[in-house]
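Worksheet: the structure to be examined is printed underneath.
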Amino acid sequence: MDRAAPLLEVEGLKVEFDTRHGVARVLTDIGLSLEPGETLGIVGESGCGKSMTALSIMRLVPIPPGRIGAGSVRLKGEDLLQASEKRLREVRGKDISMIFQEPMTSLNPVYSIGDQIAETARLHDGLGRRDALDRAVEMLKAVHIPAAERRVREFPHQMSGGMRQRVMIAMALACRPSVLIADEPTTALDVTVQAQVFDLLKELQDRTGTAIILISHDMGAIAEMADRVMVMYAGRTVEEAPTEEILDDPRHPYTKGLIACVPHLEEAPPPVRAALTEIPGVVPALTDPGAGCSFAPRCAHADDRCRRAAPPPRDVGGNHRVACWLYEGADAA
Amino acid sequence: MTAAGAAAKTAAKAAGAGGLLEVRDLKVHFRLPRRNLLTPGGTVHAVDGISCTVRRGSTFGIVGESGSGKTTAALAAMRLVPVTEGSIKLDGVELTTLEGEALRRMRRRIQIVFQDPYSSLNPRMRAGAIVREPMDLMEVGEPGERGPRVSELFRRVGLRPEQAALFPHQFSGGQRQRIGVARALATQPELIVCDEPVSALDVAIQAQILNLLRELQERFGLTYLFISHDLGVMQYICDDVAVMYLGEIVEQADRISLFTLPLHPYTWALISAVPSARRRKGRTAARVHLEGDPPSPIDPPPGCRFAPRCPFAVDRCRREKPALREVRKGHLVSCHLVGEDCVPPHAAASAAAVASAAASTIQPH
Ligand SMILES: Nc1ncnc2c1ncn2[C@@H]1O[C@H](COP(=O)(O)OP(=O)(O)OP(=O)(O)O)[C@@H](O)[C@H]1O
Ligand SMILES: Nc1ncnc2c1ncn2[C@@H]1O[C@H](COP(=O)(O)OP(=O)(O)OP(=O)(O)O)[C@@H](O)[C@H]1O
Ligand code: SF4
Ligand SMILES: [Mg+2]
Ligand SMILES: [Mg+2]
């Protein structure tokens with residue numbers, strides 16, 4: 001294995017879907033890389049391709065109507081897009097696992113949670129029945145489920161939403177994967193429970209060195225969890241930088257809007273409240289992307305060139321990349 | 001604020017002398033039938049004795065976790081769920097005893113905007129008909145005036161009148177929520193209940209709707225009862241905020257007092273649970289850990305309902321129910337440990353948190 005290669009590296013990923021209205025360009029030239037122990041946050045509005053990016057990495061894009069038109073997904077150097085189905089089944093759950101937004105739909109209601117966690121461990125680590133069940137109890141303890149020995153025999157419907165989400169995390173981590181993809185893992189949860197889940201993820205990451213891809217539309221959650229942030233818009237990456245950089249010095253007009261439009265909770269709220277910054281308009285249809293910058297119709301800075309040609313991503317220094325014509329000539333090199 | 005808006009607000013205040021909606025000791029209990037041997041029947045104490053005053057022309061917020069009774073309280077104010085006990089007055093008129101025609105006339109004075117712009121609009125009705133429906137049902141104005149009024153409502157919420165001919169699926173989520181707002185405005189209500197009106201929307205669209213709601217309030221002196229679990233939104237949109245926990249109000253104050261000096265440990269925990277850039281990765285996490293999930297409103301615990309999860313609970317908390325009392329002007333809290341000096345039990349912990357957060361910002365990392 002090439003020692004310089006990142007743990008996970010995605011390059012030039014292109015995903016399209018055939019729809020009644022033509023071909024939808026769901027992902028265009030998506031790239032990312034991830035090191036062990038690192039957390040990459042992916043933010044963006046609904047439909048911008050966050051989940052599809054995750055599904056492509058697991059090669060779970062529904063084909064047809066979808067297709068992966070180009071690109072590579074290399075895990076420790078191995079291109080998963082070229083791997084056999086058999087190999088992929090080994091990788092999923094063992095090397096890369098995923099937590100979905102709605103825990104109830106991904107837990108099987110007819111099996112006890114212990115059986116479900118144990119199943120993963122037996123399948124991938126070849127553990128015997130007894131050992132697998134012990135692993136399940138150990139995992140439940142790791143995610144702070146009280147009375148784990150008893151709970152292991154319970155069924156999903158007997159648990160609260162927060163507990164089910166913790167069970168999902170236990171399942172996802174049962175085989176100590178090197179990459180965990182968490183797709184909006186707390187959207188359905190109350191804030192106090194969300195805080196428990198985030199703290200738990202951080203704690204487990206500290207212990208195991210798992211790399212995490214955290215998908216969220218909540219910049220606050222991303223700010224708290226991620227080392228690096230990738231901002232997506234209409235199937236493209238418009239900006240990528242270390243979290244500090246994105247928060248303190250966002251460059252892309254979309255990123256700036258995304259940060260400014262949220263009413264942030266202040267410790268001392270100002271007595272006078274200005275109107276919130278709006279990003280006017282709505283996200284474009286992916287079937288008719290046009291030639292220019294996909295954000296141009298909503299952008300206050302858009303000029304003729306923005307409407308004519310899509311801006312290529314540029315390095316603006318400090319590990320910060322942005323795809324916007326405003327930064328032409330700002331190349332760090 | 002525009003001059004006209006300011007005038008509308010002042011006029012509204014003078015007319016109503018403060019409270020448009022007065023709620024006293026409101027209880028809404030649901031009886032659960034006994035289904036079988038394993039699941040005993042019981043009573044859900046969904047709303048269990050709340051009191052509040054919603055000032056005319058202002059926004060009153062109710063915040064709290066799922067199941068705390070926010071929606072039930074609002075539905076009770078609209079007489080859409082049976083009131084078990086207590087009084088609700090709109091403009092001095094007792095609502096809990098209204099019947100028939102009087103109830104129908106009252107209903108047009110309170111309207112609601114729902115959380116889900118996808119399921120709350122009838123997919124088979126055109127947008128214009130959706131907005132017109134409450135006017136027909138409640139016989140607002142002459143039938144001939146209703147068409148032009150629909151057009152005007154469309155313009156008012158930032159839609160084009162010709163879009164009235166479209167069906168809901170032809171609109172984006174944010175536009176659908178604008179239709180919901182237009183429908184709520186149709187009967188010229190004084191009070192609009194907004195039940196999580198932006199929770200299902202993307203942040204960019206959320207900002208558009210929040211700005212629209214504030215602008216309409218300014219222009220027409222509307223009063224909002226605003227429900228949300230998003231504290232950032234609450235702090236921005238509300239003038240007064242009540243924090244609910246298991247059917248009860250545990251703290252209530254104006255927005256500045258509540259967020260600068262949260263007194264109840266639950267409010268403090270809620271605030272500290274909000275993810276934020278202040279707790280960026282690598283910095284010391286200054287966060288309270290609330291163990292467990294909210295307990296069930298069926299047979300709630302005796303004493304303080306928050307005691308089983310409260311990091312500061314003492315024996316007295318588990319035995320004796322704390323009363324909601326005013327500890328500073330307009331600031332109400334129900335916690336045994338908040339003294340006359342207004343020092344909350346988490347004062348030491350939050351001071352330590354502030355110190356460690358400050359320390360971690362100056363440490364290179
Ligand atoms: N089966 C499909 N056919 C056509 N288009 C699809 C299909 N599945 C997804 N898409 C499109 O792919 C795009 C990306 O979807 P994706 O689920 O990745 O968005 P997302 O960023 O995860 O959004 P959200 O925040 O709502 O979860 C969307 O515009 C969606 O409409
Ligand atoms: N019709 C009903 N019959 C029985 N129980 C009910 C009924 N309506 C609500 N409840 C219960 O009353 C409690 C309060 O519910 P409510 O919907 O008011 O909560 P909420 O604060 O609005 O929560 P959310 O944030 O999830 O919307 C919950 O435990 C709920 O299950
Ligand atoms: S390229 Fe142009 S339109 Fe696109 S974000 Fe930059 S300034 Fe706006
Ligand atoms: Mg998604
Ligand atoms: Mg509700």
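Please enumerate the residues belonging to segment B:161-181 that are within 14 Å of another protein chain (Cβ to nearest Cβ) and open to solvent by 40 Å² or more (accessible area, probe 1.4 Å).
B:His169, B:Gln170, B:Gln175
Restricting to segment B:182-218, give me the number of residues that are closer than 17 Å to B:Val150 by Cα, open to solvent by 20 Å² or more (accessible area, probe 1.4 Å) and in contact with a helix residue (DSSP H, G or I) (Cβ under 8 Å, 6 or more places away or on another chain).
Qualifying residue count, segment B:182-218: 1.
Look through segment A:42-75, keep the residues that are more than 13 Å from ligand 1 (Cβ to nearest atom) and of a type in the set (Gly, Ala, Ser), and return whichever of them is least open to solvent (accessible area, probe 1.4 Å).
If we take residues in segment A:42-75 being more than 13 Å from ligand 1 (Cβ to nearest atom) and of a type in the set (Gly, Ala, Ser), then A:Ser72 is least open to solvent (accessible area, probe 1.4 Å).
Check A:Leu265, A:Leu276 and return the single one that is part of a loop (DSSP other than H, G, I, E, B), open to solvent by less than 60 Å² (accessible area, probe 1.4 Å), at pLDDT below 90 and within 9 Å of chain B (Cβ to nearest Cβ).
The match here is A:Leu265.
Would you check which residues across segment A:279-296 are open to solvent by 70 Å² or more (accessible area, probe 1.4 Å) and among the β-branched types (Val, Ile, Thr) and list them?
Of everything in segment A:279-296, just one residue is open to solvent by 70 Å² or more (accessible area, probe 1.4 Å) and among the β-branched types (Val, Ile, Thr), namely A:Val282.
Is there a residue in segment B:289-297 that is at pLDDT below 90, within 26 Å of B:Gly61 (Cα to Cα) and of a type in the set (S, T, N, Q)?
Yes: one or more hits.
Pick from segment A:1-41 the residues that are open to solvent by 30 Å² or more (accessible area, probe 1.4 Å) and of a type in the set (S, T, N, Q): which of them is nearest to ligand 5 (Cβ to nearest atom)?
For segment A:1-41, the residue satisfying everything is A:Thr19.
Among helices (runs of 4 or more DSSP H) lying entirely in segment A:132-230, which contain 3 or more residues that are within 26 Å of B:Asp230 (Cα to Cα) and open to solvent by less than 10 Å² (accessible area, probe 1.4 Å)?
Those helices (runs of 4 or more DSSP H) span A:161-173, A:191-208, A:219-225.
When you scan segment B:186-209, how many residues do you find that are within 14 Å of the chain's Cα centre (by Cα) and away from ligand 1 (no atom under 16 Å from the Cβ)?
Count: 7.
Of all residues in segment A:114-131 being in a helix (DSSP H, G or I) and small (Gly, Ala, Ser), which is nearest to the chain's Cα centre (by Cα)?
So, considering only residues that are in a helix (DSSP H, G or I) and small (Gly, Ala, Ser), the one nearest to the chain's Cα centre (by Cα) is A:Ala121.
Determine which single condition A:Arg321 fails, assuming it passes every other condition in (1) at pLDDT 95 or above; (2) over 22 Å from the mean Cα position of the chain (by Cα).
Failed condition: (2).
Of all residues in segment A:247-262, which are charged (D, E, K, R) and either open to solvent by less than 30 Å² (accessible area, probe 1.4 Å) or part of a helix (DSSP H, G or I) (or both)?
A:Asp248, A:Lys256
Restricting to segment A:14-40, count the residues that are polar (S, T, N, Q) and without any contact (Cβ under 8 Å) to a residue 40 or more places away in the chain.
Going through segment A:14-40 one residue at a time, the tally reaches 1.
Would you confirm whether or not segment A:297-308 contains a residue that is within 13 Å of chain B (Cβ to nearest Cβ), more than 16 Å from ligand 5 (Cβ to nearest atom), open to solvent by less than 70 Å² (accessible area, probe 1.4 Å) and over 24 Å from the mean Cα position of the chain (by Cα)?
yes
Would segment A:42-51 turn up any residue that is closer than 30 Å to B:Val198 by Cβ, touching a Lys or Arg at 6+ places or on another chain (Cβ under 7 Å) and modelled with pLDDT under 95?
The answer is yes; a qualifying residue exists.
Specify the residue that is nearest to ligand 1 (Cβ to nearest atom); the eligible residues are those in segment B:237-267 that are in a helix (DSSP H, G or I) and surrounded by 23 or more Cβ atoms within 10 Å (Cβ to Cβ).
Applying the filter and picking the extreme gives B:Ile237.
For segment A:231-246, which positions are open to solvent by less than 20 Å² (accessible area, probe 1.4 Å) and away from every other protein chain (no Cβ under 11 Å)?
A:Val231, A:Met232, A:Ala234, A:Gly235, A:Val238, A:Glu239, A:Ala241
Which of the residues belonging to segment A:186-220 are within 12 Å of chain B (Cβ to nearest Cβ) and in contact with a strand residue (DSSP E or B) (Cβ under 7 Å, 6 or more places away or on another chain)?
Selection gives A:Leu201, A:Gln205, A:Ile212, A:Leu214, A:Ser216, A:His217, A:Met219.
Yes or no: segment B:15-26 includes at least one residue that is modelled with pLDDT under 95, assigned by TED's automatic domain parsing to the domain that holds B:Phe220, more than 17 Å from the chain's Cα centre (by Cα) and open to solvent by 30 Å² or more (accessible area, probe 1.4 Å).
Within segment B:15-26, one or more residues are modelled with pLDDT under 95, assigned by TED's automatic domain parsing to the domain that holds B:Phe220, more than 17 Å from the chain's Cα centre (by Cα) and open to solvent by 30 Å² or more (accessible area, probe 1.4 Å).
Scan segment A:179-191 and give yes if some residue there is free of Cβ contacts under 8 Å to residues at least 12 places away in the same chain and away from ligand 3 (no atom under 16 Å from the Cβ), otherwise no.
Yes, the conditions are met somewhere in segment A:179-191.
Any residue at all in segment A:79-97 that is under 30 Å from A:Ala260 (Cα atoms) and either open to solvent by 30 Å² or more (accessible area, probe 1.4 Å) or among the charged types (D, E, K, R) (or both)?
No, the conditions are met nowhere in segment A:79-97.
Can you tell me which of A:Gly44, A:Gly22 is at positive phi and within 16 Å of ligand 4 (Cβ to nearest atom)?
Result: A:Gly44 is the single residue among A:Gly44, A:Gly22 that is at positive phi and within 16 Å of ligand 4 (Cβ to nearest atom).
With the structure loaded, tell me whether B:Asp116 is within 30 Å of B:Thr84 (Cβ to Cβ), charged (D, E, K, R) and open to solvent by less than 50 Å² (accessible area, probe 1.4 Å) or whether it fails that test.
no
Can you name the condition, by its number, that B:Gln208 falls short on among (1) part of a helix (DSSP H, G or I); (2) out of contact with any Asp or Glu (no Cβ under 9 Å at 6 or more places or on another chain); (3) farther than 30 Å from B:Asp341 by Cβ?
Answer for B:Gln208: the failing condition is (2).
On the basis of being closer than 30 Å to A:Arg314 by Cβ and assigned to a loop (DSSP other than H, G, I, E, B), does A:Pro36 make the cut?
When the stated conditions are applied, A:Pro36 passes them.
The values are calculated or read from the model by the stated rules, or taken from the named source; none is laboratory data. Please read all numbers here as calculations on a predicted model, not as lab measurements. Positions of Cβ are backbone-derived with ideal geometry, glycine not excepted, and every protein chain shown enters the neighbour counts. We work out accessible area using only protein heavy atoms, side chains counted, and drop any ligands, DNA or RNA first. Shrake-Rupley method; radii C 1.70, N 1.55, O 1.52, S 1.80 Å.
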